[in-house]
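Single-structure report; data block below.
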Amino acid sequence: MQRTARAFWLRSPGHGEIRDVPLPEPAAGDVLVRTLFSGVSRGTESLVFRGGVPESQRTAMRAPFQEGDFPGPVKYGYLNVGLVEEGPRELVGRTVFCLYPHQTRYVVEAGAVTPVPDSVPAGRAVLAGTVETAVNALWDAAPLVGDRIAVVGAGMIGCSVAALLARYPGVRVQLVDADPARAAVAAALGVDFALPGDALDGCDLAVHASATEAGLTRALELLAPEGTVLELSWYGDRRVSLPLGEAFHSGRLVLRGSQVGRVSPARRAHRTFADRLALALDLLADPAFDALISGEFAFEELPSALAGIAGGSLPGLCHRVRYDTDGAGGAC
């Protein structure tokens, strides 16, 4: 009897459902993974859920194991942690991370999964893709010892960047967000917090991750002359207006984009995607990252939960999806 799994599909913008899907038989060199947890990438998946991926970016925005096409029906997601049930002997029984959508079990090539270090709990490992984005951003930004840095936008990406910057010697890091509740997250990460109007200026670097016009404007305002804003936000089909006629030219300011789809040019010659992801998983040994997990719900609740996340009624940072699949290798 053919084995099956259950997967979350976006049937059409704003309407998600869980479907039964067939599982292929693992070929030589494949692994069968039983999902333990997945994570909702709040900004990107909300955009996908609302149908906001621009037509010009639909190819670039495809997830590695996406099925279907934008705006839907589409199976999307890329923060999956599971247990290898079948495959190469060295991987069977290992907890692994994979850029796979929300699905109870799946079959992929063994090279598509990355073992989770024993020092990293499976529930925390769902943040690997987010921390990987932060690693790439800091390779792009190349902060220096003693820099004054603002991270504008205390979402998953901004908080991950701030958590890594907290390890840099002599750096002044301030996490800036309009939500005063994010002060507690900043404290857990070991960095200062400020509301936008109270943020310290004179920054050598501002990392922007709020995905708002106001946040990007404020990031530019916080720069010292010849400072840089590293833009990590994804705006989808929204247009953004900026005050480039004010201090932008006289201050010789720099606005630079960063995106995780390519390894930073600063490291591309000798670091692979696999190297970058393995580094992100190693960094997640720090329990401070638990502050980014702000909620958990069962896989069966994913359609309604994603609607709440996309609509703003379910706030927070990373929402973790819990899978109550059985331990057998048969149908689920």
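Residues considered: Leu220, Leu216, Leu205. Of these, the only one that is in contact (Cβ under 8 Å) with a residue 60 or more places away in the chain, more than 29 Å from Ala125 (Cβ to Cβ), in contact with a strand residue (DSSP E or B) (Cβ under 7 Å, 6 or more places away or on another chain) and not in a loop (DSSP other than H, G, I, E, B) is Leu216.
For (1) within 20 Å of Thr272 (Cβ to Cβ); (2) touching a helix residue (DSSP H, G or I) at 6+ places or on another chain (Cβ under 7 Å); (3) of a type in the set (Lys, Arg); (4) part of a loop (DSSP other than H, G, I, E, B), each residue gets a yes or a no:
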residue: Arg34; (1), (2), (3), (4): no, no, yes, no
residue: Phe37; (1), (2), (3), (4): no, yes, no, no
residue: Thr44; (1), (2), (3), (4): no, no, no, no
residue: Phe49; (1), (2), (3), (4): no, yes, no, no
residue: Ala63; (1), (2), (3), (4): yes, no, no, yes
residue: Tyr78; (1), (2), (3), (4): yes, yes, no, yes
residue: Pro121; (1), (2), (3), (4): no, no, no, yes
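Check Arg271, Arg267, Arg252 and return the single one that is within 26 Å of Cys203 (Cβ to Cβ), surrounded by 13 or more Cβ atoms within 10 Å (Cβ to Cβ) and among the basic types (Lys, Arg). Walk me through how you get there before you give the answer.
On the way: Arg271 fails: within 26 Å of Cys203 (Cβ to Cβ); Arg252 fails: surrounded by 13 or more Cβ atoms within 10 Å (Cβ to Cβ).
The match here is Arg267.
Looking only at residues of the stretch 313-328 that are surrounded by fewer than 21 Cβ atoms within 10 Å (Cβ to Cβ) and aliphatic (A, V, I, L, M), we find that the one that is modelled with the lowest pLDDT is Ala328.
Selection of the stretch 223-235 for residues being touching a residue at least 60 places away in the same chain (Cβ under 8 Å) and either farther than 17 Å from Glu246 by Cα or in contact with a Gly (Cβ under 6 Å, 6 or more places away or on another chain) (or both) yields Ala224, Leu230, Leu232, Ser233, Trp234. Of the residues making up the stretch 127-154, those that are in a loop (DSSP other than H, G, I, E, B), surrounded by fewer than 23 Cβ atoms within 10 Å (Cβ to Cβ) and either among the small types (Gly, Ala, Ser) or touching a strand residue (DSSP E or B) at 6+ places or on another chain (Cβ under 7 Å) (or both) number 4. Please verify whether the stretch 292-299 includes one or more residues that are surrounded by fewer than 20 Cβ atoms within 10 Å (Cβ to Cβ), in a helix (DSSP H, G or I) and touching a residue at least 24 places away in the same chain (Cβ under 8 Å). Scanning the stretch 292-299 turns up no residue that is surrounded by fewer than 20 Cβ atoms within 10 Å (Cβ to Cβ), in a helix (DSSP H, G or I) and touching a residue at least 24 places away in the same chain (Cβ under 8 Å).
Inspect the stretch 101-109 for any residue being touching a Phe, Trp or Tyr at 6+ places or on another chain (Cβ under 9 Å), within 28 Å of Leu284 (Cα to Cα) and aromatic (Phe, Trp, Tyr) and give the result as yes or no. Yes, there is a match, as at least one residue in the stretch 101-109 is touching a Phe, Trp or Tyr at 6+ places or on another chain (Cβ under 9 Å), within 28 Å of Leu284 (Cα to Cα) and aromatic (Phe, Trp, Tyr).
Table: residues versus (1) within 21 Å of the chain's Cα centre (by Cα); (2) crowded, with 21+ Cβ neighbours inside 10 Å; (3) touching a residue at least 60 places away in the same chain (Cβ under 8 Å).
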{"residue": "Asp20", "(1), (2), (3)": "no, no, no"}
{"residue": "Glu45", "(1), (2), (3)": "yes, yes, yes"}
{"residue": "Met61", "(1), (2), (3)": "yes, no, no"}
{"residue": "Pro64", "(1), (2), (3)": "yes, no, no"}
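Would you check if there is a residue in the stretch 236-248 being of a type outside the set (Val, Ile, Thr), closer than 23 Å to Leu127 by Cα and outside the structural domain of Arg42 (by TED's automatic domain parsing)? Checking the stretch 236-248: at least one residue is of a type outside the set (Val, Ile, Thr), closer than 23 Å to Leu127 by Cα and outside the structural domain of Arg42 (by TED's automatic domain parsing).
In the list Leu205, Leu232, which residue meets the criterion of being over 20 Å from Leu317 (Cβ atoms) and buried (at least 24 other Cβ atoms within 10 Å of the Cβ)? First the steps, then the outcome.
Working: Leu232 fails: over 20 Å from Leu317 (Cβ atoms).
None of the others qualify; the one that does is Leu205.
Scanning the stretch 155-165 for residues that are part of a helix (DSSP H, G or I), more than 30 Å from Phe97 (Cα to Cα) and not acidic (Asp, Glu) turns up nothing.
Rundown of residues vs (1) within 30 Å of Gly312 (Cβ to Cβ); (2) basic (Lys, Arg), yes/no style:
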residue	(1), (2)
Pro24	no, no
Asp30	no, no
Ser38	yes, no
Ser46	yes, no
Arg62	yes, yes
Pro71	yes, no
Val81	yes, no
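Scoring Ala112 on the criteria (1) among the aliphatic types (A, V, I, L, M); (2) within 18 Å of Phe299 (Cβ to Cβ); (3) surrounded by fewer than 22 Cβ atoms within 10 Å (Cβ to Cβ) leaves a single failure, condition (2).
The values are calculated or read from the model by the stated rules, or taken from the named source; none is laboratory data. A quick note: this is a predicted structure, and the numbers were derived from the prediction, not measured. Every residue, glycine as well, gets a Cβ built from its backbone with ideal geometry; the counts of neighbours run over all protein chains shown.
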